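Each remark here refers to the structure printed beneath this line.
The values are calculated or read from the model by the stated rules, or taken from the named source; none is laboratory data. Since we're looking at a predicted model, the values are computed, not measured. Neighbour counts run over all protein chains shown; Cβ positions are idealised from the backbone, glycine included.
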Amino acid sequence: MIPSDSHPPKNFDSGRLSHAYITAGSFAEMLALAAVCSGTGTKPCKTCAHCVKALNGIHPDIITIGKQDNKREILIEQIRELKRDVIIVPNEAEKKAYIINDADTMNVNAQNAFLQILEEPPGHVVFILKSEAPDKLLPTVRSRCVEIKARADEDNLETSAFDITDDFFDALRQGNASLVAFMFRLEKLEKEQFSAFLATSRKQASEELRAAALNGDVSMCERLSHAESTLSKASQFLDLNVGLGHISGLICAGLVE
């Protein structure tokens, strides 16, 4: 059952959720709640029929997976069953949320099987890998998920990332002056927030690039492709523990014409 007094993500829109997350604590359940919520405005609303069912632990579109009794690992057979289930459309909500408890206990074969699902996930699913030790997950699995280090003493990082990402793309469309001003804000983020921003903005750049290509907008395709490449380089620098001020400058220099 999802704790009714958990700190909710602000301004969550289930249509803007990533397909996969790695997080810990009760925030995993809050992500699942946001995925099925049908309320308007702040998500999860905790008052719609979907939220009420989820809070009472009876929503058919929130599925929890974990170690079987007397087993130390999540086995490949469980992931194969998951693979068969994800192709089935949601029973009631727009999305199905899968919470994988102790995800870091998936053995290597199970992780490789799960990776196949992550590479081509159905659009109606959200995977939430709940783990206190994400470094035990395969790098290929981690790279396909948005990692959120949820802490009780700060606002939700994923929400912040969505807000900052929206501002980033607004600045990208408005031009050089707005981009330069945005970079001063970006370099003041904490590393966890910066990492979440890069993950969400790269995902959005990829989605907007596909849309621009379908619309035949060559100019926007070029801009978004360049943004995607610049953000990818920024992620590599972040992994190397390069300073955030330097990375912000890299993004600015790469995008200002």
*Under the condition of being in contact (Cβ under 8 Å) with a residue 12 or more places away in the chain and out of contact with any helix residue (DSSP H, G or I) (no Cβ under 6 Å at 6 or more places or on another chain), which residue from region 54-64 is farthest from His19 (Cα to Cα)?*
Asn56
*For region 134-149, state whether one or more residues are modelled with pLDDT under 75 and either outside any helix (DSSP H, G or I) or in contact with a Cys (Cβ under 6 Å, 6 or more places away or on another chain) (or both).*
yes
*Of the residues Thr105, Thr64, which is hydroxyl-bearing (Ser, Thr, Tyr) and in contact with an Asp or Glu (Cβ under 6 Å, 6 or more places away or on another chain)?*
Thr105
*Just name the residue that is farthest from Glu190 (Cα to Cα) out of those in region 218-257 that are charged (D, E, K, R), modelled with pLDDT of 85 or more and surrounded by 13 or more Cβ atoms within 10 Å (Cβ to Cβ).*
Glu228
*asked:* Would you confirm whether or not region 203-212 contains a residue that is touching a strand residue (DSSP E or B) at 6+ places or on another chain (Cβ under 9 Å), in a helix (DSSP H, G or I) and surrounded by 16 or more Cβ atoms within 10 Å (Cβ to Cβ)?
replied: yes
*If we scan region 230-244, do we find a residue that is without any contact (Cβ under 8 Å) to a residue 24 or more places away in the chain, assigned to a helix (DSSP H, G or I), more than 21 Å from Ala181 (Cβ to Cβ) and among the hydrophobic types (A, V, I, L, M, F, W, C)?*
yes
*Could you tell me whether region 46-69 includes any residue that is surrounded by 20 or more Cβ atoms within 10 Å (Cβ to Cβ), of a type in the set (Val, Ile, Thr) and either in contact with a Pro (Cβ under 8 Å, 6 or more places away or on another chain) or at pLDDT 90 or above (or both)?*
yes
*asked:* What are the pairs with Cβ atoms under 8 angstrom where one residue, in region 124-140, is in contact (Cβ under 8 Å) with a residue 60 or more places away in the chain and the other, located anywhere, is of a type in the set (Phe, Trp, Tyr)? Sequence gap at least six, or different chains.
replied: Val125/Tyr98; Val126/Tyr21; Val126/Tyr98; Phe127/Tyr21; Phe127/Tyr98; Ile128/Tyr21; Ile128/Tyr98; Leu129/Tyr21
*The listed residue being without any contact (Cβ under 8 Å) to a residue 60 or more places away in the chain, in contact with a helix residue (DSSP H, G or I) (Cβ under 6 Å, 6 or more places away or on another chain) and outside any loop (DSSP other than H, G, I, E, B), out of Ala110, Ala97*: Ala110
*In region 88-111, which residues are over 20 Å from the mean Cα position of the chain (by Cα) and surrounded by fewer than 18 Cβ atoms within 10 Å (Cβ to Cβ)?*
Ile88, Val89, Asn91, Glu92, Asn107, Val108, Asn109
_Candidate set from region 4-22 (those that are in contact with a helix residue (DSSP H, G or I) (Cβ under 7 Å, 6 or more places away or on another chain) and more than 20 Å from Pro122 (Cβ to Cβ)); member that is modelled with the highest pLDDT_ = Phe12
